[in-house]
Amino acid sequence: GDQARDSFPYGSPGTTQEITGLLGAVDDGNVVATYMNIARANQRLWQGQMINAAAAPFTGVLTDRLMNYADRQSGKRGGGKCDVIVTSNSGYDSYWGSLKTNTMFPDPRGSFTAGRKTGAGGLSIILGDRVITLKIARKMPPQMTFGLQTDTFKRFSLNQWQWIDQTGSIWRGVSDSTGYFDIYTAFGCMYEELFCSAPAKNWRI
């Protein structure tokens, strides 16, 4: 990254400093117009399925109806069959809230246990012939949910992490126009990328 330890494309032409994430892979061109050097415009199979959950009839709630609709869209337009759903804690809560009003059983003993279950055996959904458990990603933006067909994703690596040590050490003193600081940094590089071979098989809500 840069001196502030940020990672982002910079320079001319832009030099990618970080692996492309799901938002770049599952997109219709509004976020990443050119994906892996291919322009998404007029390339239907290179465009992920974007579902606006704020529009009617979904009203911004992550429901089984909404996810079934997204899955059907990816099936019709790209031949996709997602096998993992990735959402945020907010999305998980939204789905849990939409289900629990229909799955309440009165306890004749008068006791009640509240809460929700996450992880293995957590909330699931049936999409066609598949039963998929929702996965929570800690850094997922709260308003997003992804339906992914995992065999369309590959992670490529060239060699492994290499420290820059041409001077005989990986450590370098930090300085600026005022002089040297009592700070040392180490730099290294690794070539990796996450690639989606069929964005149209995946969806984003």
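Work out, step by step, the length gained on full extension between residue 77 and residue 90: first 0.36 nm times the residue separation, then minus their alpha carbon distance; give nm to one decimal. Don't skip to the end; give the middle numbers.
Values: separation 13, 0.36 × 13 = 4.68 nm, distance 2.81 nm.
Full extension from residue 77 to residue 90 adds 1.9 nm.
Per residue of the range 163-168, what does 6.51 cos²θ - 1.76 cosθ + 1.60 with θ = phi - 60° give for ³J(HN,Hα)? Whole Hz please, x for Gly and Pro, Karplus curve as stated.
Residue by residue, the range 163-168 yields 6, 7, 9, 4, 7, x Hz.
Can you list the lysines whose alpha carbon is less than 27 Å from that of residue 76, not counting same-chain residues fewer than 8 positions off?
135, 154, 201
Each reported figure results from applying straightforward, stated rules to the coordinates on display, with no laboratory input. Fair warning: this is a prediction, and the values are worked out from it, not measured in the lab.
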